[in-house]
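Single-structure report; data block below.
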Amino acid sequence: MIEDSYLHKGMRRKLVEQVKGRGIKDQRILDAMMNIPRHAFIDSSFLKFAYQDQAFPISSGQTISQPYTVAFQTELLEVEVFHKVLEVGTGSGYQAAVLAELRARVFTIERIRQLYQDAQRIHRELGYQVRFFLGDGYQGLPSYAPFDRILITAAAPAIPEALKSQLVVGGILVAPVGRHDSQIMTKCVRTGENTYEITTHGNFSFVPMKEGLE
Ligand code: SAH
């Protein structure tokens with residue numbers, strides 16, 4: 001059982017206020033973050049860090065994204081109820097929970113088995129209905145495509161062609177594009193069968209997207 005006390009809720013309210021203060025306007029996203037016990041996604045000895053607006057290490061050398069970054073990417077994604085959404089880079093499973101709270105049909109893919117297993121366990125305890133896949137996100141999920149939305153949560157050197165092709169026409173893909181320490185948040189709208197419209201949305205820093213399974 002995951003405990004969610006008044007203390008946790010109090011810390012969470014402050015975090016959500018901070019995220020709002022930094023410019024996130026979509027109330028549905030703020031409500032989603034208010035509902036999710038973020039501490040469940042972080043080692044319990046680091047409770048304090050669960051409710052700071054910072055990225056934090058999880059297992060296998062990966063990180064849970066900063067809450068503001070999660071909110072920012074989610075806002076760019078313009079998720080609607082019942083949308084079929086693919087997340088690349090399950091990590092802790094927190095971002096997938098935000099998408100599930102928005103009542104999207106969420107598919108998430110991770111290349112590290114340990115994270116894939118841990119995130120599923122937490123989601124089961126919290127009662128979310130996300131579908132988890134162990135695999136290489138560069139390939140996407142061709143047998144479940146097309147997706148209304150695709151969210152990449154690791155730094156991609158370029159937007160993978162396979163993922164662009166798994167978007168519906170009118171669909172949106174959001175990804176941090178670039179190498180090393182800094183990437184440019186990129187929004188890609190599939191405007192036609194072979195046409196895409198790209199806009200950029202500032203600098204962020206993610207762990208790298210890697211090829212193949214770990
Ligand atoms: N969305 C996560 C943050 C993930 S950090 C959260 O909410 O916590 C990025 C994750 O992407 C890491 O777990 C990393 O293992 C994973 N990753 C990197 N390359 C990948 C690939 N090709 N396919 C699937 N997952 C990948």
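The table that follows gives values for the structure above.
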quantity	calculated
Where the Cα pairs of the range 1-153 fall when distances are cut into 10 Å bins, in %	11, 44, 37, 8, 0
Neighbour-count order for Met33, Met1, fewest beta carbons within 10 angstrom listed first	Met1, Met33
Counting DSSP beta bridges with both ends in the range 53-204, the antiparallel % (nearest 5)	45 percent
Cross-link reach list, aspartates and glutamates versus Lys48, counting only Cα pairs under 19 Å and skipping chain neighbours closer than eight places	Glu3, Asp4, Glu17
Separation of alpha-carbon centers, the range 133-193 and the range 1-35, rounded to whole Å	27 Å
Crossing angle, helix 6-21 versus the chain [Cα axis fit, 0-90 degrees, rounded to tens]	40 degrees
Residues Thr186, Thr90, Thr199, Thr63 arranged by fewest to most Cβ contacts within 10 Å	Thr199, Thr63, Thr186, Thr90
FRET E, pair Leu134, Glu17, Förster distance 30 Å, beta-carbon r, rounded to 0.05	0.25
Length-normalised contact order for the range 53-204 - Cα pairs under 8 Å, 6+ apart - percent	18 percent
For Ala55, distant residues with modelled amide H under 5 Å away	Gln66
Rounded to whole Hz, the Karplus (6.51, -1.76, 1.60) HN-Hα couplings of the range 86-103, x for glycine and proline	9, 9, 9, x, 4, x, 6, x, 5, 4, 4, 5, 4, 5, 5, 4, 7, 6
Burial ranking of peptide ranges 159-167, 7-15 (average Cβ count within 10 Å, highest at the top)	159-167, 7-15
Potential lengthening between Thr195 and His180 on full extension [0.36 nm per residue; Cα-Cα distance subtracted]	2.6 nm
Residue among Ser165, Asn203, Pro67 farthest towards the positive dipole end of the chain, charges placed on Cβ	Pro67
Cα long-axis angle, helix 113-126 against the chain (0 to 90 degrees, to the nearest 10)	60 degrees
Theoretical FRET efficiency, 1/(1+(r/R0)^6), r = Cβ-Cβ of Arg103 and Ala158, R0 45 Å, to 0.05	0.90
The chain - mean residue ellipticity at 222 nm from DSSP helices (-39,500 (n - 2.57) per run, n ≥ 4, rounded to 500)	-9000 deg cm²/dmol
Estimated dipole of the range 53-204 in Debye, rounded to 20 [Cβ of Lys and Arg +1, of Asp and Glu -1, Cα centre]	340 debye
In order through the range 172-189: 3J(HN,Hα) via Karplus (6.51 cos²θ - 1.76 cosθ + 1.60), integer Hz, x for Gly, Pro	10, 10, 10, 8, x, 10, x, 10, 6, 7, 9, 10, 9, 5, 10, 10, 10, 9
Segment Asn203-Met34, extension gain: residue separation times 0.36 nm, minus the distance between their alpha carbons	58.3 nm
FRET E, pair Gln117, Val81, Förster distance 22 Å, beta-carbon r, rounded to 0.05	0.15
Neighbour-count ranking [beta-carbon atoms within 10 angstrom, fewest first] of Thr74, Thr69	Thr69, Thr74
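Throughout, read-outs are computed from the coordinates displayed, never taken from laboratory work. Here the structure is a predicted model, which is why all the values come from computation and not from measurement. Here Cβ is always computed from backbone atoms with ideal geometry, including for glycine, and neighbour counts include all displayed protein chains.
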